[in-house]
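The values are calculated or read from the model by the stated rules, or taken from the named source; none is laboratory data. None of these values were measured; they are calculated from a predicted model. Cβ coordinates were reconstructed from backbone atoms using ideal geometry, including for glycine residues, and neighbour counts include every protein chain displayed. Accessible surface areas use protein heavy atoms only, side chains included; no ligands, DNA or RNA. Shrake-Rupley method; radii C 1.70, N 1.55, O 1.52, S 1.80 Å.
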Amino acid sequence: MEINPDQLRQQSALFAAMDTADLHAVMALARNEAHPARHVIFREGEEGDRLLLLLEGRVKVSLSSAEGKEAILSILEPGQLIGEMSLLDGGARSATVTTMDVCRFLAIRRRDFLVFLERHPRVALALLQALSLRLRATNDQVGNLSFLNLPARLARILLNLGQQYGKHTGEGIVIGLKLSQEELGNLVGVSRESVNRQVRLWVEAGLLDYAHGILIIKDSDTLFREALAA
Ligand code: CMP
């Protein structure tokens, strides 16, 4: 599969920080990788051997407890880097990364990219900026988990998903991710039953529709007020 350098620059701030010669040098180090839906690409605790740029599809980043419970840290979309943490600190994978759809990636071996970064401080700075953005998002998540009640947390997550993945249609904002009730609970940090109860209340009140994993926000104004209510 041919990869277009201009498209890479548009998709990723890391690649936008490279001049044409550097971009070609990185692309010479990279290879294509593709996985089907629901495939584990990285498992928490494994050694990190490569950095991935997500080109197509979506992945979820999650942690598992000893009892097998899952917490979803993030859902990443095309243009996002995966595996930069082990790349930088040499530690084990910090989380499990699973494809949600069929996904395509550009993969670069850790040792090749470290040599490249040492020679290209501008690209290293862009990588730090990407890490900083993730830390901000994680801070928001910790703040929400610590300070907000379930309806406000769920409303914020739904509005964020709507903003990232939503399509405006006559029916409302259709969130183009197939999320099970369990996954929705794992994103919000509550049980499937609790999230189900809240979703049902909002479906009955006309704020949402939810069928076969597809969420539709029908009344974003009221949902927005719920998000601010706690
Ligand atoms: P790494 O630790 O190498 O492997 C797991 C990857 O998941 C990690 O690099 C990041 O790319 C990604 N990741 C881990 N934690 C988060 C988070 N809180 N938000 C977004 N992505 C994350």
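Numbers at a glance
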quantity	calculated
Subset tally (residues that are aliphatic (A, V, I, L, M) and in contact with a Gly (Cβ under 8 Å, 6 or more places away or on another chain)) for segment 117-172	1
Qualifying residue in segment 77-95 (condition: assigned to a strand (DSSP E or B) and more than 10 Å from the ligand (Cβ to nearest atom))	no
The one condition in (1) in a loop (DSSP other than H, G, I, E, B); (2) within 30 Å of Asp19 (Cα to Cα) that Ala130 fails to fulfil	(1)
Residue within segment 142-153 that is within 12 Å of the ligand (Cβ to nearest atom) and at pLDDT below 95 present	yes
Subset of segment 63-76 (residues that are hydroxyl-bearing (Ser, Thr, Tyr) and either touching a residue at least 40 places away in the same chain (Cβ under 8 Å) or near the ligand (Cβ under 8 Å from one of its atoms) (or both))	Ser74
Pick from segment 96-112, criterion within 13 Å of the ligand (Cβ to nearest atom) and in contact with a helix residue (DSSP H, G or I) (Cβ under 6 Å, 6 or more places away or on another chain), ranking: nearest to Asn4 (Cα to Cα)	Ile108
Qualifying positions in segment 122-147 - in contact (Cβ under 8 Å) with a residue 60 or more places away in the chain and either crowded, with 17+ Cβ neighbours inside 10 Å or within 18 Å of the chain's Cα centre (by Cα) (or both)	Val123, Ala126, Leu127, Gln129, Ala130, Arg134, Ala137, Thr138, Gln141
Total residues in segment 24-62, condition open to solvent by 60 Å² or more (accessible area, probe 1.4 Å) and either touching a residue at least 60 places away in the same chain (Cβ under 8 Å) or near the ligand (Cβ under 10 Å from one of its atoms) (or both)	12
Residue selected from segment 64-88 under the condition more than 17 Å from Arg136 (Cα to Cα) and of a type in the set (Gly, Ala, Ser), by the criterion most open to solvent (accessible area, probe 1.4 Å)	Ala66
